[in-house]
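Chemist: Take this structure first; my questions come after.
The values are calculated or read from the model by the stated rules, or taken from the named source; none is laboratory data. Worth saying up front: this structure is predicted, and the values here are computed from it rather than measured. Ideal geometry is used to build each Cβ from the backbone, glycine not excepted, and the neighbour counts take in all protein chains shown.
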Amino acid sequence: MGPGERVLIATNPYPDGASISMALYNAVQEAEALPVLLFQPPKTQLDFADEAVIAALSTRPQVFISVSELKLGKDRQAILQPYAWEGKRYDSLFHYLLYGEKLLRGFWSPSVSREIFVEMVPVDYGRLKEDCALLGDKLSRAAQARITAPGGTDILIGLKDRKASCDDGDFSLPGRGGNLPAGEVFISPQLGSSQGRIAFDGSLDTDRKVLVLASPILAQVRDGLVSGITGGPQAEILSASLERAAHKAALFEREGKLPAGQGAVYARNARNLGELGIGLNRRARIVGNMLADEKVYGTCHIAIGSNYDEDAPSLIHLDGLVRKPTITAVFADGREEIIMSEGELALPQA
């Protein structure tokens, strides 16, 4: 960042987040930029962000950083009256400014700890950028991705007309943003296209906590939606999360927090496949924190809920890890190429 740039940092009053945010505040000052640091109470995926945070975002800072104990929180006004930009609707001012108008840049670190920040942020960014570019190109050109894994995953995910994004840690230009720690390529599945079975066998996000899985949770997928979940007590926790998201969407519509008719849309998309991501951070390890877990090299993650193409809005986005996947890119002409084999990249130069 450069002298005079306005930088907004939003965090919660928990020790690790506060110390990281203060370090960032001081670093911004040293760069002769202009930091503002806001604290709000902790928020889950089903909570609204404090109005002061949204009001500060409305001043359109050049840089926005979120260091949250759980999540930043929903945008109350934008969910009710979404922003529109070039045919896309954004139910968050932050996403609108970042992905729509492309006026700001930044990063977000949900549930980050000092240990994760210290251990997993200092990576070989040159290698990471190369891996992301190679993998992102294959996924962007593929019509489908077939994923199998020793834990029982066997699913075909449609990717037609979707473009992969790279979380490679380069947030230097407006319109660029991602996590720190960085280290993944991700893409929104084509709506209604995915068929098969996911066996989550690493860790799994819910609306309230991350589960480190004692045994696989099986999610049956039909026409892009999760149609059934099995796997014992932890599977029941996931099912309850999806049910709460659907119930709360209907409640929001009744309370006037969602436009008429959108409650059913948000509820249905609580079972949508919202993301296929591939971890590429060689310093990351599974620790029961999804910020770190989804970056682990040798894993992929598939999210249930909202996507990044803004055409499947939901109140949740729950990532689940699959260990040692074999991922095959299937192109429109029928050609197939293995891009990851049992958790190892299988690309030239990788």
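Chemist: How many residues are part of a loop (DSSP other than H, G, I, E, B) and farther than 15 Å from Q195 by Cβ if we restrict to region 125-152? Walk me through it before giving the result.
Modeler: First, pick out the residues of region 125-152 that are part of a loop (DSSP other than H, G, I, E, B): 142-143, 149-152.
With farther than 15 Å from Q195 by Cβ added as a condition, the list becomes 142, 149-152.
So the answer is 5.
Chemist: Suppose we filter A214, A182 for residues that are out of contact with any strand residue (DSSP E or B) (no Cβ under 8 Å at 6 or more places or on another chain) and either surrounded by fewer than 24 Cβ atoms within 10 Å (Cβ to Cβ) or not aromatic (F, W, Y) (or both); which single one remains? Even if it seems obvious, please write down each step before you answer.
Modeler: Working: A182 fails: out of contact with any strand residue (DSSP E or B) (no Cβ under 8 Å at 6 or more places or on another chain).
From the options A214, A182, the qualifying one is A214.
Chemist: Going by the conditions given, is D311 buried (at least 24 other Cβ atoms within 10 Å of the Cβ) and either in contact with a strand residue (DSSP E or B) (Cβ under 9 Å, 6 or more places away or on another chain) or not assigned by TED's automatic domain parsing to the domain that holds D167 (or both)?
Modeler: Criteria not met by D311.
Chemist: Filter region 253-268 down to the residues that are part of a helix (DSSP H, G or I), under 17 Å from D91 (Cα atoms) and over 23 Å from the mean Cα position of the chain (by Cα) and list them by number.
Modeler: Scanning region 253-268 gives a single hit, E253.
Chemist: Can you find, within region 294-307, the residue that is farthest from L128 (Cα to Cα) among those that are assigned to a loop (DSSP other than H, G, I, E, B) and out of contact with any helix residue (DSSP H, G or I) (no Cβ under 8 Å at 6 or more places or on another chain)? First the steps, then the outcome.
Modeler: Taking region 294-307 as the starting set, the residues that turn out to be assigned to a loop (DSSP other than H, G, I, E, B) are 294-295, 297-298, 306-307.
So of that shortlist, the ones also out of contact with any helix residue (DSSP H, G or I) (no Cβ under 8 Å at 6 or more places or on another chain) come out as 294, 297-298, 307.
Details: E294: 15, Y297: 11, G298: 14, N307: 23 Å.
Only one residue tops the list, namely N307.
Chemist: Then there is this: Just one of the numbered conditions (1) buried (at least 16 other Cβ atoms within 10 Å of the Cβ); (2) in contact with a Lys or Arg (Cβ under 7 Å, 6 or more places away or on another chain); (3) of a type in the set (A, V, I, L, M, F, W, C); (4) in a loop (DSSP other than H, G, I, E, B) is not true of I155; which one?
Modeler: The one condition I155 does not meet is (4).
Chemist: May I pose another question? Hey, does region 312-326 have a residue that's without any contact (Cβ under 8 Å) to a residue 40 or more places away in the chain, out of contact with any Leu (no Cβ under 7 Å at 6 or more places or on another chain) and not small (G, A, S)?
Modeler: no
Chemist: Return the pair list, or none, for Cβ contacts closer than 8 Å from residues in region 18-39 that are farther than 12 Å from V7 by Cβ and of a type in the set (F, W, Y) to residues that are assigned to a helix (DSSP H, G or I) and at pLDDT 95 or above, at least 6 apart or on different chains.
Modeler: From residues that are farther than 12 Å from V7 by Cβ and of a type in the set (F, W, Y), the pairs are F39/A18.
Chemist: Among (1) assigned to a strand (DSSP E or B); (2) surrounded by fewer than 21 Cβ atoms within 10 Å (Cβ to Cβ), where does G334 come up short?
Modeler: Checking G334 against (1) assigned to a strand (DSSP E or B); (2) surrounded by fewer than 21 Cβ atoms within 10 Å (Cβ to Cβ), the one that fails is (1).
Chemist: For region 195-209, does any single residue satisfy the condition of being under 30 Å from M120 (Cα atoms), in contact (Cβ under 8 Å) with a residue 40 or more places away in the chain and surrounded by fewer than 17 Cβ atoms within 10 Å (Cβ to Cβ)?
Modeler: To start, the set of residues in region 195-209 that are under 30 Å from M120 (Cα atoms) comprises 198-209.
The next check asks that each one be in contact (Cβ under 8 Å) with a residue 40 or more places away in the chain; those that pass are 198-208.
Restricting the remaining residues to those that are surrounded by fewer than 17 Cβ atoms within 10 Å (Cβ to Cβ) gives 208.
For region 195-209, residues under 30 Å from M120 (Cα atoms), in contact (Cβ under 8 Å) with a residue 40 or more places away in the chain and surrounded by fewer than 17 Cβ atoms within 10 Å (Cβ to Cβ): present.
Chemist: May I ask you to list the residues in region 244-262 that are touching a residue at least 24 places away in the same chain (Cβ under 8 Å) and surrounded by 14 or more Cβ atoms within 10 Å (Cβ to Cβ)? Explain how you work it out, then say what you get.
Modeler: Applying the first criterion (touching a residue at least 24 places away in the same chain (Cβ under 8 Å)) to region 244-262 yields 244-246, 248-249, 252, 256-259, 262.
Once the filter is applied, which keeps residues that are touching a residue at least 24 places away in the same chain (Cβ under 8 Å) and surrounded by 14 or more Cβ atoms within 10 Å (Cβ to Cβ), region 244-262 yields R244, A245, A246, K248, A249, F252, K257, L258, P259, Q262.
Chemist: Can you run down the residue pairs with Cβ atoms below 6 Å, 6 or more apart or on separate chains, where the first is in region 115-127 and under 19 Å from L345 (Cβ atoms) and the partner is assigned to a helix (DSSP H, G or I)?
Modeler: Partner pairs satisfying both residue conditions: M120/A292.
Chemist: Moving to a separate point now. Considering only residues that are buried (at least 20 other Cβ atoms within 10 Å of the Cβ) and of a type in the set (G, A, S), look in region 137-152 and name the one that is nearest to the chain's Cα centre (by Cα).
Modeler: Checked region 137-152; the qualifying residue nearest to the chain's Cα centre (by Cα) is A145.
Chemist: Next question. Restricting the search to region 265-300, which residues are polar (S, T, N, Q) and either in contact with a Lys or Arg (Cβ under 7 Å, 6 or more places away or on another chain) or under 21 Å from R146 (Cβ atoms) (or both)?
Modeler: Keep residues of region 265-300 that are polar (S, T, N, Q), which gives 269, 272, 281, 289, 299.
Correct list: N272, N281, T299.
Chemist: Being in contact with a Cys (Cβ under 6 Å, 6 or more places away or on another chain), closer than 19 Å to S188 by Cβ and surrounded by 14 or more Cβ atoms within 10 Å (Cβ to Cβ): is that true of I304 here?
Modeler: On the way: in contact with a Cys (Cβ under 6 Å, 6 or more places away or on another chain): no; closer than 19 Å to S188 by Cβ: yes; surrounded by 14 or more Cβ atoms within 10 Å (Cβ to Cβ): yes.
It is false that I304 is in contact with a Cys (Cβ under 6 Å, 6 or more places away or on another chain), closer than 19 Å to S188 by Cβ and surrounded by 14 or more Cβ atoms within 10 Å (Cβ to Cβ).
Chemist: Something else: Under the condition of being more than 26 Å from K209 (Cβ to Cβ) and among the β-branched types (V, I, T), which residue from region 9-56 is surrounded by the fewest Cβ atoms within 10 Å (Cβ to Cβ)?
Modeler: V36
Chemist: Right, next: Return a yes/no flag: does region 155-171 have any residue that is touching a Phe, Trp or Tyr at 6+ places or on another chain (Cβ under 7 Å) and at positive phi.
Modeler: There is at least one residue in region 155-171 that is touching a Phe, Trp or Tyr at 6+ places or on another chain (Cβ under 7 Å) and at positive phi.
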